[in-house]
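What follows is a short report on a single structure.
What follows is calculated from the coordinates using simple rules that are stated; it is not laboratory data. These numbers come from a predicted model, not from an experiment. A quick note on method: Cβ atoms are made from the backbone with ideal geometry, for glycine too, and the neighbour counts reach across all protein chains shown.
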């Protein structure tokens, strides 16, 4: 019977430790009003679309014949393109947007985070903004949404820029801790209510080629925006609905001129997949950055802007 008592007390102790851990890292949802002041200064605006107040920034000359629409990755936001937008808006109309489920836009009322739902969202956004054709730019999840939009509606996409884009079967070398935690279905109740700041810091640093470039302000941004009411549950739903690589055969249908930018230190998606995109897309140029990670446009805006500017200047 002694072993039974020890087992019981061990279970009690474990339960107490878990309770203390949950209490110490408990993070309630942040309401939109709590976040807007810091994360939606001008030129941020909100547009009603598909039952959501969609957060976007639309800057630059309105007569630009080929506006740029930039799409961020999972658990990110339009802020990942802030430096690009600032640098390009003098010559180009630049639109950045928080996709459904992320940033200040928050969750989709339908709870649909499949790629085809995102491509329909992008096309409706273009219609609402009266944009016939755009240069579509996407990072990670945003990259897959971009190329699938180019497959579905090639007449709406004049050029395509893929940055460490999803599309092929996963070859994850190191998944951020936050995504690992969110993927554990048995811990969903806890994961929807706790978020250690240290866990977010580790996750953000892991997607940079140089972790020291993940500044406290950037970590705070990811931390606070992922606490926006509904975003944690939306991340779980997106992960459950994802079908990574199932549509990769469609990549060969892309005829749109394409630029592929890739960080060689991307530990989420192997750099080999950058070359695979340009193998399957006939009109494609690949540019690798040996010191950058999964979000190169955020990690080193000047270095990544150079090939983008050259690509945009090409007829």
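Please report how far the C-alpha centroid of the stretch 193-230 lies from that of the stretch 54-92, rounded to the nearest whole angstrom.
The stretch 193-230 and the stretch 54-92 have Cα centres separated by 22 Å.
Can you pull the Rg over Rh of the stretch 240-280, Cα-only, Kirkwood? Working shown, then result.
Working: Rg = 11.7 Å, Rh = 11.7 Å.
Rounded to two decimals, Rg/Rh equals 0.99.
Can you sort 200, 70 from fewest to most other Cβ atoms within 10 Å of each residue's own Cβ? List each step's numbers first, then the result.
Numbers: 200 23, 70 26.
Result, fewest neighbours first: 200, 70.
On a full-extension model of 0.36 nm per residue, what is the gain between residue 86 and residue 45, subtracting their alpha-carbon distance, rounded to one decimal in nm? Mind dumping the intermediate values first?
Values: separation 41, 0.36 × 41 = 14.76 nm, distance 1.60 nm.
This chain segment gains 13.2 nm when fully extended.
Given a Förster distance of 51 angstrom, what is the FRET efficiency for residue 249 paired with residue 38, based on the Cβ-Cβ distance and rounded to 0.05?
Details: r = 43 Å, r/R0 = 0.84.
Working from the Cβ atoms, E equals 0.75.
Let me know the whole percent of all Cα-Cα pairs from the stretch 32-313 that are separated by more than 27 Å.
Working: 13121 of 39621 pairs.
That tail contains 33 percent of the Cα-Cα pairs.
Taking 7 Å along the Cα-to-C-beta vector as the label spot, tell me the residue 290-residue 198 distance in nanometres, rounded to one decimal.
3.6 nm
Could you put 147, 262, 84 in order, starting from the residue whose Cβ has the fewest other Cβ atoms within 10 Å?
Numbers: 147 29, 262 26, 84 20.
Ordered from fewest to most neighbouring Cβ atoms within 10 Å, 147, 262, 84 come out as 84, 262, 147.
When you count, for each residue, the other Cβ atoms within 10 Å and take the mean per peptide, how do 36-48, 280-292 rank with the highest first?
On the way: 36-48: 13.2, 280-292: 17.0.
Descending mean neighbour count gives 280-292, 36-48.
Which of 144, 224 has the fewest other C-beta atoms within 10 Å, and how do the rest follow up to the most?
Details: 144 26, 224 17.
Fewest to most other Cβ atoms nearby, the residues stand as 224, 144.
Give me the one-decimal nm value for the distance between modelled label points at residue 133 and residue 155, 7 Å along each residue's Cα-to-Cβ direction.
1.2 nm
Based on the Cβ-Cβ distance from residue 310 to residue 240, what FRET efficiency comes out when R0 is 45 Å, to the nearest 0.05? List each step's numbers first, then the result.
Numbers: r = 40 Å, r/R0 = 0.88.
FRET efficiency, residue 310 to residue 240: 0.70.
If you take the alpha carbon radius of gyration of the stretch 96-168 and divide it by 2.2 N^0.38 Å, what ratio comes out, to two decimals? Intermediate results must be reported in sequence, preceding the final value.
Numbers: Rg = 11.7 Å, N = 73, 2.2 N^0.38 = 11.2 Å.
Relative to the 2.2 N^0.38 Å estimate, the stretch 96-168 comes out at 1.04.
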